[in-house]
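The values are calculated or read from the model by the stated rules, or taken from the named source; none is laboratory data. Everything quoted here is computed from the prediction, not taken from an experiment. Methodologically, a virtual Cβ is constructed for each residue, glycine included, from the backbone with ideal geometry; neighbour enumeration extends over all protein chains shown. Side chains are part of the model used for accessible areas, which takes the heavy atoms of the whole protein and leaves out ligands, DNA and RNA. Shrake-Rupley method; radii C 1.70, N 1.55, O 1.52, S 1.80 Å.
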Amino acid sequence: MPTSDDISPSLLLTLAFAAALLLGLALKFWLATRQVRHVAHHRDAVPTPFAERIALAAHQKAADYTITKARLGMLEMALGAAVLLGWTLLGGLDALNQALLGALGGGMWQQMALLVAFAAISGLIDLPLSLYQTFVVEERFGFNKMTWRLWLADALKGLLVGAIIGLPIAALILWLMGAAGPLWWLWAWCFWMGFNLLLMVIYPTFIAPLFNKFQPLEDESLKARVTALMQRCGFSAKGLFVMDGSRRSAHANAYFTGFGAAKRVVFYDTLLRQLAPGEVEAVLAHELGHFKHRHIVQRVVMMFALSLAGFALLGWLSTQVWFYTGLGVRPNISLDPAVAAAPNDALALLLFMLVVPVFTFFISPLFSQQSRRHEFQADAYAVAQSSGADLSSALLKLYEDNASTLTPDPVYVKFYYSHPPATERLARMQTPAHP
């Protein structure tokens, strides 16, 4: 019987990747079926803590919406796994790379063409289910406000912004991979982190307005209330804005965007229509809780650390022939010492982006748990700074208006939920009025 010493690193990677992909897919299907069964089982009765505040019809709508999305998600998972196998072990990425090498030769143009072609093909594969989600599922449950004209405009703007920003970044990283020596990954990481910090500053002012209209908050009473809250919390923002989220969806939200002096408070217009002023204040207090507890800083630091580890790992894997062959790709290797081989940098980037999520899925509950803990802390801060009763009322309205189920499967929650279920949040929430 062969031992691990008798198996090549290439074959070991192939077996590990195939096993992780199949195990992950089985686990995702198991979780999804648990969610569907659990929600369906509790569909006919509103949970006792909410019986006086949530109508049965609203509860059943949330159940049906959750089940429909879960079933569509299972189809997406199956398609995603098949496409991933097609790109890797079945030779799709290798065939695309070889075709472009034959047409363009080796070099930067061929590598950029590989990235663009991969993105285009992947986008086309994902398009039918994305359209079905928007124009069938969201439409059926009354959430979609998107027209085909608006969808097309968003798609074209997205492609343009992606090309203007993404192509130069990809070109620079590829250049660093080829020209900066063995520590290219460290220089690339520094650039990538600098770009992300810059994006946090320029996104609210230059990019977001390409897709939505942002108007200053005109409700003077609400503005005074929100401003007083921020002053109590020691928080300053560049402005209070209302976003026309209703153009695309009936879902409601509020968020902070930007970084440093560029921070903005943004309310969806749908949120302001659905919540009373006290409830809006409570929701904003929750968001301020994230800043008070430095959750944003913690997430940025974690992003820095994980991306550094990722770039370092990519720097090592990109030099290993078995990394390519174990994933169904022939690296560009010249058999003639006098002839330089075509670079493999774009191949390494694509393979890394394809494969890493397969393995990191198994630790996703750790990140979900941390996120839920942060939400509990932000809730507690909001209760201390505003009204717990208003926060409780606002959360229930948002759960109802967004058709979020009140009865998710507990195991599914541990894997996927970045926010605690309503039952857990309200159970921990005290409701004294703010003096």
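Things worth noting here:
- Contact map, region 208-227: first residue open to solvent by 60 Å² or more (accessible area, probe 1.4 Å), second residue in a helix (DSSP H, G or I) and of a type outside the set (Val, Ile, Thr), Cβ cut-off under 7 Å, separation 6 or more or different chains; pairs are Leu210/Lys157; Ser221/Pro277; Arg225/Pro277; Arg225/Glu281.
- The condition (being farther than 30 Å from Val242 by Cβ and at pLDDT below 95) is satisfied by just one residue among Ala384, Ala285, Ala309, Ala340: Ala340.
- Residues satisfying the stated conditions in region 105-160, i.e. aromatic (Phe, Trp, Tyr), in a helix (DSSP H, G or I) and in contact (Cβ under 8 Å) with a residue 40 or more places away in the chain: Phe118, Tyr132
- Lone unmet requirement of (1) part of a helix (DSSP H, G or I); (2) exposed (fewer than 15 other Cβ atoms within 10 Å of the Cβ) for Leu13: (2)
- With respect to the conditions (1) of a type in the set (Val, Ile, Thr); (2) closer than 30 Å to Leu186 by Cα; (3) surrounded by 19 or more Cβ atoms within 10 Å (Cβ to Cβ), Val280 falls short on a single one, namely (2).
- For Thr66, the criteria (1) more than 20 Å from Gln35 (Cα to Cα); (2) within 19 Å of the chain's Cα centre (by Cα) hold in every case but one, which is (1).
- Meets criteria (under 27 Å from the mean Cα position of the chain (by Cα) and assigned to a helix (DSSP H, G or I)) for Ala95: no
- Of everything in region 392-423 that is modelled with pLDDT of 90 or more and charged (D, E, K, R), the residue that is farthest from the chain's Cα centre (by Cα) is Asp409.
- Those residues of region 250-262 which are touching a helix residue (DSSP H, G or I) at 6+ places or on another chain (Cβ under 8 Å) and open to solvent by 30 Å² or more (accessible area, probe 1.4 Å), in sequence order: His251, Asn253, Tyr255, Phe256, Phe259, Gly260
- Arg37 falls short on exactly one of the conditions (1) open to solvent by 30 Å² or more (accessible area, probe 1.4 Å); (2) within 30 Å of Phe352 (Cβ to Cβ), and that condition is (2).
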